[in-house]
């Protein structure tokens, strides 16, 4: 039988460590009891039909929470988000997909989940398949799809939905350069049709190419709202200062 190494804790040491950890968590909770952690605070902005608005910020800034509020997935604790028209959102790749169903079946499933009527899906089915470039794999369960195929199919369904407001979170993080360019072109077409697009991405180049306006979040607050070059520079300054802080 293989023995314990010198670095392995004894049972007594493990119990003591667990007890200390539990006590530390309780002490922290007691110190901060009654405090509220606001993921978003004092946000106020107005967006008009046809605008393509980028939302940027460091991890934990509140971007995903804001998109979930705009998508009506969660309600704000205080205040309100007024949206006029149908909302279509693609927040996480593969959400609304069933791994054991085929690509064909998942187009109908995912389309129904985001609000498309069955007749609408049938009418746009060929366009969706052609855009996603998955013709050869339509009858294959999507659990065998690559991450790139997943994102192509998910984006194709969302982009061919016709909401007044389209909300996209990091949809271009997966996929090759040619497909990313095709997605950007599609999003421009969507905005030219008078629909509003909210776009979150860490890819600042794609944000600058696509968006006419950018919101910058920091620690749950909206600290800048303006034209892309200026807002992106402010974001880069924040990132640079954070990286240069002493450990």
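The values are calculated or read from the model by the stated rules, or taken from the named source; none is laboratory data. In this text the structure is predicted, and so the values were computed from the model without any measurement. When we count neighbours, we look across all protein chains shown, and the Cβ atoms used for this are built from the backbone with ideal geometry, even at glycine.
Numerical summary
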{"item": "Qualifying residues in the stretch 141-156 (those that are buried (at least 16 other Cβ atoms within 10 Å of the Cβ) and without any contact (Cβ under 8 Å) to a residue 60 or more places away in the chain) - the one farthest from residue 176 (Cα to Cα)", "result": "142"}
{"item": "Residue list for the stretch 111-140, restricted to those being in contact with a helix residue (DSSP H, G or I) (Cβ under 6 Å, 6 or more places away or on another chain), in contact (Cβ under 8 Å) with a residue 40 or more places away in the chain and either over 24 Å from residue 178 (Cα atoms) or not assigned by TED's automatic domain parsing to the domain that holds residue 176 (or both)", "result": "111"}
{"item": "Criterion: within 18 Å of residue 102 (Cβ to Cβ) and surrounded by 14 or more Cβ atoms within 10 Å (Cβ to Cβ) - qualifying residue of 125, 161", "result": "125"}
{"item": "Meets criteria (assigned to a helix (DSSP H, G or I) and modelled with pLDDT of 85 or more) for residue 149", "result": "yes"}
{"item": "Conditions (1) at pLDDT below 90; (2) more than 15 Å from the chain's Cα centre (by Cα): number failed by residue 225", "result": "(1)"}
{"item": "Extreme residue, surrounded by the fewest Cβ atoms within 10 Å (Cβ to Cβ), among residues of the stretch 210-235 that are free of Cβ contacts under 8 Å to residues at least 24 places away in the same chain and touching a helix residue (DSSP H, G or I) at 6+ places or on another chain (Cβ under 8 Å)", "result": "229"}
{"item": "Conditions (1) under 29 Å from residue 40 (Cα atoms); (2) not in a strand (DSSP E or B); number of the one not met by residue 88", "result": "(2)"}
{"item": "Residue list for the stretch 89-107, restricted to those being surrounded by 12 or more Cβ atoms within 10 Å (Cβ to Cβ) and over 26 Å from residue 64 (Cα atoms)", "result": "101, 102, 103, 104, 105"}
{"item": "Number of the condition not met by residue 75 [criteria: (1) without any contact (Cβ under 8 Å) to a residue 12 or more places away in the chain; (2) in a helix (DSSP H, G or I); (3) surrounded by fewer than 16 Cβ atoms within 10 Å (Cβ to Cβ)]", "result": "(2)"}
